[in-house]
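Colleague: Can you read through this structure? Questions will come right after.
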Amino acid sequence: MKEQGSKRNMEDLQNIEKSQESPEQSNKSDEKDSDTLSSSRVTQELEKIKEKLNQTEAQYLRILADYQNLQKRSAQEKEDLYKYAAQKTIEVILPALDTYDYAKASLKPDSKAEKIIEDFNLVFEMLIKCMKDIGLETIEETGVPFDPVFHEPLHQIPTNELPDHTVMQVLKKGYILNKKVIRPALVSVSVKHDESPPEPIGSA
């Protein structure tokens, strides 16, 4: 009986000691639980950040690939533009070339000069028509005031029959493409003729 009583007393003492643990020990236990919880949250946040980074990287790689493909397409389109820039112009001129081929095929060794000239004029007229279809105009009018935008002077011709600085001759035609001068006409221009006799040498 004494032994059982002593055992109970020992258990009671142990329970009392446990209940009388210092607050520091209890706080340490709470801190461990809090640290464990905080670590778990940090791990979760890190996983979320990693996932977002992976998504952002994948999106960046897609955008980069799209941009590189766009660059390649643009370069190819630019190359094609340079390569085939004259295609429409050539297509417009083809009828004139066809007319030339027909005229050439119709020529015979005994063809008369009038026939040759007629065919030549036909080809030339067709060519001019084709040029007009793409917006080409000629600068070849005479008797108009000199304009440095449309004319380039080569000669000055003294005369009083025309106003000063009038286009008298067109030595080489100029051309305008869609309202833009691509080559001014080479012209001779009138200048006022001074008919007064020279003053005698030594006159006051």
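The values are calculated or read from the model by the stated rules, or taken from the named source; none is laboratory data. Values in this document were obtained by computation on a predicted structure and should not be read as measured data. Virtual Cβ from ideal backbone geometry, glycine too; neighbours counted across all protein chains shown.
Colleague: Out of the range 82-123, which residues are of a type in the set (Asp, Glu) and under 22 Å from Ile134 (Cβ atoms)?
Modeller: Hits for the range 82-123 are Glu91, Asp98, Asp101.
Colleague: Which residue, of Gln44, Gln76, Gln59, Gln25, is at pLDDT below 60 and assigned to a helix (DSSP H, G or I)? Talk me through it step by step, then tell me what you get.
Modeller: Values: Gln44 fails: at pLDDT below 60; Gln76 fails: at pLDDT below 60; Gln59 fails: at pLDDT below 60.
Gln25 is the lone residue from the list that is at pLDDT below 60 and assigned to a helix (DSSP H, G or I).
Colleague: Within the range 81-101, is even one residue more than 30 Å from Thr166 (Cα to Cα), hydroxyl-bearing (Ser, Thr, Tyr) and touching a helix residue (DSSP H, G or I) at 6+ places or on another chain (Cβ under 8 Å)? Write out each step before concluding.
Modeller: Filtering the range 81-101 for residues more than 30 Å from Thr166 (Cα to Cα) gives 81-101.
Now narrow it down to the ones that are hydroxyl-bearing (Ser, Thr, Tyr): 82, 84, 89, 99-100.
If we keep only those that are touching a helix residue (DSSP H, G or I) at 6+ places or on another chain (Cβ under 8 Å) too, we end up with 99-100.
Yes, some residue in the range 81-101 is more than 30 Å from Thr166 (Cα to Cα), hydroxyl-bearing (Ser, Thr, Tyr) and touching a helix residue (DSSP H, G or I) at 6+ places or on another chain (Cβ under 8 Å).
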